[in-house]
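The values are calculated or read from the model by the stated rules, or taken from the named source; none is laboratory data. Bear in mind that the values here come from a model prediction, so they are computed numbers and not experimental data. A quick note on method: Cβ atoms are made from the backbone with ideal geometry, for glycine too, and the neighbour counts reach across all protein chains shown. Just the protein is used for accessible areas: all its heavy atoms, side chains included, with ligands, DNA and RNA removed. Shrake-Rupley method; radii C 1.70, N 1.55, O 1.52, S 1.80 Å.
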Amino acid sequence: MTMPPRLRKAVLSTHVATSVGWLGAVVAYITLDLTAVTSRDVELVRGAYVAMELIVGYAIVPLALASVAVGIVNAVGTSWGLFQHYWVLVKLLLTLVATGVLLLETRTVHSLADSAATAVDPRDLPGSLPHSIGGLLLLLLILFLSIYKPRGLTRYGWRKQGEQRRQRTQAAVIER
C-alpha cells in the first residue's frame, strides 16, 4: 500500500519538519540546561528552569509524538515499509525509546521548574544534562540512519521481496 506521490511528499515533508523541530528544540533545551547548572545568577537559573519546562511541554513532547506518528505513516505508506528494512526498524525502536524516556523525564523537568520557582536559591538543583545530551545523541543517530540507510532486509522483508518477485514473474508469464 503506497501513497500517491503528492501525499507521500507531504507526509515526508511533515516528518522531516517535526523531526528537525524536535532536534532543534532539544538543542535549545540543552542551552537552557547548561545555563541552569553553570550560571551563578539566581534569577537567570530560575528563568532557565521555567523555560526548560515550557520547551519540553510545548515543543519537545508534541514534536516527538508527531514525529513518531508521521514517521510510522511515512514508513507504512512507502516501499520502505515499517518492518522490511533493519534501518527503518532500528530507527523506529530508537525513536520509541527516546520518546518513552522523554515522557518519563518530563516529570523531573516539571519538578525542577517547580523547585526553581519556589526555592530561595535554585542554583543547587541538579539539572538534567545526562538525559538531554543522551537524547541529542540518540536523535543524531536516528538522523544518521535516515540519511545513510544501511543495507539489510529483515526476514519479513526477504519474504515480502520474494512474494513481489513471484508476482512480477507470474504477471510476465501471463502477458506472454
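Where the centre of each part is set by its Cα atoms, how far does the stretch 1-80 sit from the stretch 125-156, in angstrom? About 13 Å separates the Cα centre of the stretch 1-80 from the one of the stretch 125-156.
Note on the stretch 1-150: Rg/Rh from Cα positions, Kirkwood definition for Rh, rounded to two decimals, is 1.08.
Helix 86-118 and the longest principal axis of the C-alpha atoms of the chain enclose an angle of approximately 20°. The accessible surface of the chain, taken with every protein chain in place and a 1.4 Å probe, is 66 percent carbon and sulfur.
What size of dipole, in debye to the nearest 20, comes out for the chain about its Cα centre when the only charges are +1 on Lys and Arg C-beta atoms and -1 on Asp and Glu C-beta atoms?
The dipole of the chain has a size of about 1600 debye.
Dividing the summed -39500 (n - 2.57) terms of all DSSP H runs of n ≥ 4 by the residue count of the chain sets its mean residue ellipticity at 222 nm at -27500 deg cm²/dmol.
Think of each Lys and Arg Cβ as +1 and each Asp and Glu Cβ as -1; about the Cα centre, that makes the dipole of the stretch 1-74 roughly 460 debye.
Note on the stretch 97-176: Kirkwood hydrodynamic radius from all Cα pairs is 17.4 Å, rounded to one decimal. Ordering Ile55, Ile133, Ile147 by accessible surface, largest first, gives Ile147, Ile133, Ile55; the 1.4 Å probe counts only protein heavy atoms, with every chain in place. Residue separation of Ala10 and Arg168 scaled by 0.36 nm, minus their Cα-Cα distance, works out to 54.0 nm of gained length.
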